[in-house]
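Following: one structure in structure tokens, then a few remarks.
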Amino acid sequence: MAGSSSLPGPRHVAVIMDGNGRWAAARGLPRAAGHREGAKAVRRTIEAAIDQGVEYLTLFAFSSENWRRPAEEVTDLTFLLKHYVRAELAEMHAQGVRLKVIGERERFGPNLAGELAAAEARTANNSRLTLVMALSYGGRADIVTAARRAMQAGLAPEALSEDVFAGFLSTAGIPDPDLLIRTSGEQRISNFLLWQLAYAEMVFTPVLWPDFTADDLAAALAEYGSRERRFGARPA
Ligand code: IPE
Ligand code: IPE
Ligand code: MG
């Protein structure tokens with residue numbers, strides 16, 4: 001049947017949420033307004049992911065390179081993040097969302113880092129959707145930190161395998177993303193989950209993140225369904 005999907009839906013969807021600044025600029029608004037609207041899209045996308053049967057949703061909210069932005073924008077983003085967690089935690093918990101934060105959260109200061117840890121603890125037993133928030137996250141730093149941990153654990157070189165190494169990454173225990181979505185038309189990884197995206201299907205959409213809706217997620221899942229994943233083997 002034309003258009004029928006051959007793949008089961010993706011268990012794990014990762015999103016590079018890009019285009020907040022351009023969304024604001026197009027309206028003559030300050031960038032912070034784009035980030036605020038982007039936070040609404042986060043809320044919508046979590047609900048849409050639950051409705052559409054996604055088990056793991058990873059959102060790239062702040063990269064290890066985003067610290068290079070002007071101090072004012074970093075302050076705006078940190079403020080927004082803090083408010084988002086405070087305002088949304090109860091609702092996320094009620095929806096059955098388990099929160100997991102990856103990245104160098106300490107860089108946001110002890111208060112926010114502590115609130116994030118408390119939010120993770122409070123939602124730890126939820127099982128409807130695992131929401132992985134990548135905050136001050138960098139894929140290369142994740143790999144270097146994992147290598148350091150493996151060495152600190154006294155691992156013998158022969159004992160290191162891909163599976164063992166993955167167990168030292170920040171995403172230990174989380175299956176690799178099946179689908180990566182990047183909004184705003186940019187087509188690059190920007191130091192996101194370098195190890196974990198090895199075989200992810202990628203969907204790039206011109207939609208700016210603040211405009212991203214449940215329909216856009218559904219369209220990306222449909223696109224994913226039409227792909228053939230071969231993992232290096234020959235087609236069936
Ligand atoms: C994504 O939007 C949000 C973050 C990276 C924090 P941008 O702020 O990168 O928006 P553009 O790319 O400038 O439009
Ligand atoms: C990637 O977007 C990081 C996030 C979406 C959090 P950027 O806007 O920072 O990426 P570049 O600089 O365009 O590659
Ligand atoms: Mg950007």
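Assorted remarks:
- Selected residue [free of Cβ contacts under 8 Å to residues at least 60 places away in the same chain and either open to solvent by 30 Å² or more (accessible area, probe 1.4 Å) or in a helix (DSSP H, G or I) (or both)] from 88, 37: 88
- Residue that is most open to solvent (accessible area, probe 1.4 Å) [pool: residues in the stretch 49-69 that are within 12 Å of ligand 3 (Cβ to nearest atom) and either assigned to a loop (DSSP other than H, G, I, E, B) or modelled with pLDDT under 95 (or both)]: 69
- Qualifying residue in the stretch 210-223 (condition: part of a loop (DSSP other than H, G, I, E, B), touching a strand residue (DSSP E or B) at 6+ places or on another chain (Cβ under 9 Å) and within 16 Å of ligand 3 (Cβ to nearest atom)): yes
- Any pair with Cβ under 7 angstrom, 6 or more apart, that starts in the stretch 153-177 at a residue that is open to solvent by 70 Å² or more (accessible area, probe 1.4 Å) and part of a loop (DSSP other than H, G, I, E, B) and ends at one that is at pLDDT 95 or above and among the polar types (S, T, N, Q): 176/196
- Within the stretch 182-200, residues that are over 18 Å from residue 19 (Cβ atoms) have Cβ atoms under 7 Å from residues that are in a loop (DSSP other than H, G, I, E, B) and within 16 Å of ligand 3 (Cβ to nearest atom) in these pairs: 197/189, counting only partners at least 6 apart in sequence or on another chain.
- Counted residues, the stretch 185-197 - those being crowded, with 16+ Cβ neighbours inside 10 Å and either among the charged types (D, E, K, R) or over 28 Å from residue 8 (Cβ atoms) (or both): 1
The values are calculated or read from the model by the stated rules, or taken from the named source; none is laboratory data. Just so it is clear, the structure is predicted and the values come from calculations on it, not from any experiment. Glycine gets a Cβ as well: all are built from the backbone with ideal geometry, and neighbour counts include every protein chain shown. These area figures cover heavy atoms from the full protein model, side chains too; ligands, DNA and RNA do not enter into them. Shrake-Rupley method; radii C 1.70, N 1.55, O 1.52, S 1.80 Å.
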